[in-house]
Amino acid sequence: MSCRGVWLVGDAMIPSGYRDSAERGIALIVTMMAALLLVALAGTLAPLATIETAVGANHRRSVQALYAAEAALELATAELGSFPDWNGALDGSVRSAFRNGALDPAMPDGSRVDLPAITARLRSGGAGGPGLEWRLFAHGPLHAWVPVPAGYGPWLVAVWIADDATDPDPDRQRDANDAIVAHAAAFGPRRAARAVQATLVRQSVAPPPPAIARVRIVSWRIVR
């Protein structure tokens with residue numbers, strides 16, 4: 001015949017089996033509280049992970065947009081360097097060979113980029129200096145202008161040009177000092193957009209005859 005041990009608590013004698021049951025009950029409660037705490041932590045961290053993912057995606061799109069705008073600026077600069085002068089480009093009679101698509105193209109998310117409206121804002125907003133007569137020079141999907149890596153984009157790019165503010169020509173329709181300004185912008189998924197502005201100058205690098213001219217970017221800044 002066996003008997004259970006007993007524990008003395010104060011003046012009472014408590015069987016050891018009751019004590020074991022109490023300890024198991026306390027352990028169960030502690031385990032349940034720990035599980036509830038882990039569930040609460042998971043519920044708190046899940047939105048943070050989602051936000052971090054969204055922030056990372058937005059940063060990636062912003063960087064890609066800046067690179068796309070820079071690429072458009074470089075491509076437009078190279079084409080402008082092939083022109084004998086910039087007067088036709090400034091008065092609108094000469095445009096870039098890269099004019100691809102409508103002036104209000106639809107983006108993949110259904111939004112539209114209104115290029116004429118952007119032109120009007122550039123003129124009225126004093127971008128690059130007061131009273132500049134900005135004209136749309138080139139526009140279209142970046143991949144139609146230059147090969148881009150797979151998964152890069154899609155990006156719509158556009159380049160505007162104007163005579164620089166220091167030109168002595170009062171009408172700003174003719175280039176009198178071999179310098180113009182360019183505004184290059186890129187538009188992409190989820191309304192991502194970046195823009196850069198630069199001053200371009202034409203310089204002779206060899207004495208005539210004939211003179212060899214090149215176009216150089218002498219100043220550059222991010223404007224959006």
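Here are some notes:
- Just so you know, the Rg over Rh for the stretch 63-146 is 0.96, from Cα atoms, with Rh as the Kirkwood radius.
- Rolling a 1.4 Å probe over the heavy atoms of the protein chains gives the stretch 100-143 an accessible area of 49 Å² per residue.
- Radius ratio Rg over Rh of the stretch 77-202, counting only Cα atoms, Kirkwood formula for Rh: 0.98
- With a cut-off of 13 Å between beta carbons, the residues surrounding F187 carry a summed charge of +3, where Lys and Arg count +1 and Asp and Glu -1.
- Only the Cβ atoms of Lys and Arg (+1) and of Asp and Glu (-1) were treated as charged; on that basis the dipole of the stretch 60-185 about its Cα centre amounts to roughly 600 debye.
- Environment charge of A127, counting only residues whose C-beta is closer than 12 Å and scoring Lys/Arg +1, Asp/Glu -1: +3
- Local electrostatic count, W160, Cβ distance below 11 Å [Lys/Arg +1, Asp/Glu -1]: +2
The values are calculated or read from the model by the stated rules, or taken from the named source; none is laboratory data. Owing to the predicted nature of the structure, the values given are computational and were not obtained by experimental measurement. Heads up, the Cβs are rebuilt from the backbone with ideal geometry, glycines too, and the neighbour counts pull from every protein chain shown. When the accessible area is computed, the model is the full protein with side chains, heavy atoms only, and any ligands, DNA or RNA have been set aside. Shrake-Rupley method; radii C 1.70, N 1.55, O 1.52, S 1.80 Å.
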